[in-house]
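Written out below as structure tokens is the structure these notes cover.
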Amino acid sequence: MPLTSPRRRARFHPLTVSAVRPLTADAVEVTLAVPEELADDYGYVSGQYVALRKELDGKEIRRSYSICAPPTRGELKIGIKRDLGGVFSNWANDHLHPGDTIDVMSPTGAFVSRHSMTSLNDPQAIAEESRGLSRYVAFAAGSGITPIISIVRSLLEANPEAYVNLVYANRAAMDVMFVEDLADLKDRFPARLAVHHVLSREQRLSPTHTGRIDADKLRSMFGTMIRPEVVDEWFLCGPYELVQLIRDELAAAGVSEDRIRYELFTTGDPKATPEGNAGRAVVADPTGENVDVTFRLDGLEGRVESPKSADESILNAALRVRGDVPFACAGGVCGTCRAKLVEGEVEMTENYALEPEEIEAGYVLTCQSHPTTDAVRVDFDA
Ligand SMILES: Cc1cc2nc3c(=O)[nH]c(=O)nc-3n(C[C@H](O)[C@H](O)[C@H](O)COP(=O)(O)OP(=O)(O)OC[C@H]3O[C@@H](n4cnc5c(N)ncnc54)[C@H](O)[C@@H]3O)c2cc1C
Ligand code: FES
């Protein structure tokens, strides 16, 4: 099966919140009940995420949250950390209660172990494929632990030969999400899991575990507790700068790109904030200076004219005629809006989501793709 398989077309359904558990003073774990008739739609692989949709102050908000537990039929768990000044994360921490319903998109995302790619939703097959592949390293910062804890647990449970080194960076001990779950995991797998908490604003015994993770600290880790040359797969999830720094240091240490999986929650760029270019009002140019945008979605063809002067994204144009065109972050981070470009050319502003293989196969992020030819055609079903 091709690498792109974990990205299936996602759809929203209302799900009921069955539990809310405080993780820290600023984060909650939300459990969503999945009814049996939707169980197949909400099957997932560790590392994938769902988008939540909510109308707040008359405005539709969509935000993505990684699933923080290994695949479990009948439920989904996500961890939501307050973002200072953030609209949805603060609303969710303050107002989501058991019994509430919220629109949840079916799981998607490609931040999954390469070794589980060919065995979507089949733990047995994952176990078989993982045999012999045993050394994994995960770096998480802050809420970046959510997909990582699911991946780490799945790897340890599925493969008795898996050994995982987890480096988890936070400001202080009180910010550490899933602190008890990580301790339980360590108790279950004492010889196969090492957890290194790095705290930027608290003194720890070892200098490697104190302060911000920078290039020097990484080099010192790579010389001691982690030996990059023997690691089969790396998982990185955190802010853009940290993920980029680790990728650079891994490249310098000779680690090949195809062993590294990473996920960004945000680019740190205010231009890429959620509502950026999805749903912006644009009117076709009566003088005829328009781009012809055609797309296929769920087997149906849609067509819309996009004024050249507006330089809008394909997603923005397509949303004018079909409200169910898939997107979540609208910032080039999550990959939900992916489609295959089958005619014409586009310029992609940002891409933090597509793998090189997907680009080569002709996939684009429609939220970031601006047509550079008079006509473009994309296929969301491909
Ligand atoms: C694939 C994926 C998985 C994710 N998984 C998780 C997860 O598991 N857990 C988790 O907690 N988060 C996760 N996120 C992040 C999450 O989707 C939200 O981005 C996050 O919760 C913030 O949303 P918000 O509505 O609270 O903040 P927003 O309102 O979107 O604001 C975000 C930040 O930008 C600032 N801001 C907003 N507008 C501007 C502006 N115009 N100029 C400058 N600054 C501005 C705000 O003050 C705030 O700090 C994930 C994101 C992605 C893409
Ligand atoms: S909607 Fe997230 S990358 Fe386009």
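Rg to Rh for the chain: what is it, with Cα atoms only and Rh by Kirkwood? Mind showing how you got there, number by number?
Numbers: Rg = 21.0 Å, Rh = 21.7 Å.
Value, to two decimals: 0.97.
With charges only on Cβ, +1 for K and R and -1 for D and E, what is the dipole size of the chain about its Cα centre, in debye, rounded to 20?
980 debye
When the Karplus curve 6.51 cos²θ - 1.76 cosθ + 1.60 is applied with θ = phi - 60°, which whole-Hz ³J(HN,Hα) does each residue of the range 164-175 get, with x for Gly and Pro?
10, 9, 10, 9, 10, 9, 9, 6, 9, 4, 5, 8
With unit charges on the beta carbons (Lys and Arg positive, Asp and Glu negative) and the dipole taken about the Cα centre of the range 167-279, which residue among 174, 278, 235 sits farthest to the positive side?
With unit charges placed on the Cβ atoms, the residue in question is 174.
Report the label-to-label distance for residue 187 and residue 301 in nanometres (one decimal), using points 7 Å from each Cα along the Cα→Cβ vector.
Spacing of the two 7 Å Cα→Cβ label points: 6.2 nm.
Per-residue HN-Hα couplings for the range 193-202, Karplus 6.51 cos²θ - 1.76 cosθ + 1.60 at θ = phi - 60°, whole Hz, x for Gly and Pro?
Going residue by residue, I get 10, 10, 10, 10, 7, 10, 10, 6, 10, 9 Hz, with x marking Gly and Pro.
Could you give the length gained by full extension between residue 57 and residue 41, i.e. 0.36 nm per residue of separation minus their alpha carbon distance, to one decimal place? Walk me through the intermediate numbers first.
Values: separation 16, 0.36 × 16 = 5.76 nm, distance 2.98 nm.
Length difference between fully extended and current span is 2.8 nm.
Could you work out how far apart the two model spin labels at residue 251 and residue 212 are, taking each label as a point 7 Å from the Cα in the direction of the beta carbon, and quote it in nm?
Result: 2.1 nm between the two label points.
Could you give each residue of the range 287-297 its phi-based ³J(HN,Hα) in whole Hz, using Karplus coefficients 6.51, -1.76, 1.60 with θ = phi - 60°, and x for Gly or Pro?
3J(HN,Hα) across the range 287-297, in whole Hz: 7, x, 7, 10, 9, 8, 9, 10, 8, 10, 9.
To the nearest 0.05, how large is the calculated FRET efficiency for residue 229 and residue 172 if R₀ is 30 Å and r is the Cβ-Cβ distance? The partial results should precede the final answer.
Values: r = 33 Å, r/R0 = 1.11.
E between residue 229 and residue 172, to the nearest 0.05, is 0.35.
Counting DSSP beta bridges with both partners in the chain, what percentage is antiparallel, nearest 5?
Values: 48 of 78 bridges.
Around 60 percent of the beta bridges assigned by DSSP in the chain are antiparallel ones.
With r as the distance between the Cβ atoms of residue 195 and residue 357 and R0 = 30 Å, compute the FRET efficiency 1/(1 + (r/R0)^6) and round to 0.05.
Details: r = 32 Å, r/R0 = 1.07.
Given R0 = 30 Å and the Cβ-Cβ separation, E is 0.40.
Work out how much length residue 20 to residue 373 would gain on full extension: take 0.36 nm times their residue separation and subtract the Cα-Cα distance, in nm to one decimal.
Numbers: separation 353, 0.36 × 353 = 127.08 nm, distance 4.89 nm.
Here the segment from residue 20 to residue 373 would lengthen by 122.2 nm.
What are the residues whose amide H is under 5 Å from the amide H of residue 197, where those residues sit 5 or more places off or on another chain and H is modelled from the backbone?
Residues meeting the criterion, in which the H sits 1.01 Å from N, are 168.
If the chain between residue 203 and residue 72 were fully stretched, how many nm would it gain, using 0.36 nm times the residue separation less the Cα-Cα distance? If you can, show how the numbers build up before the last one.
Working: separation 131, 0.36 × 131 = 47.16 nm, distance 3.79 nm.
Contour length minus Cα-Cα distance gives 43.4 nm.
Coordinate-derived values only; no laboratory data. Predicted model, so just to flag it, every value in this text is computed and none were measured. Heads up, the Cβs are rebuilt from the backbone with ideal geometry, glycines too, and the neighbour counts pull from every protein chain shown.
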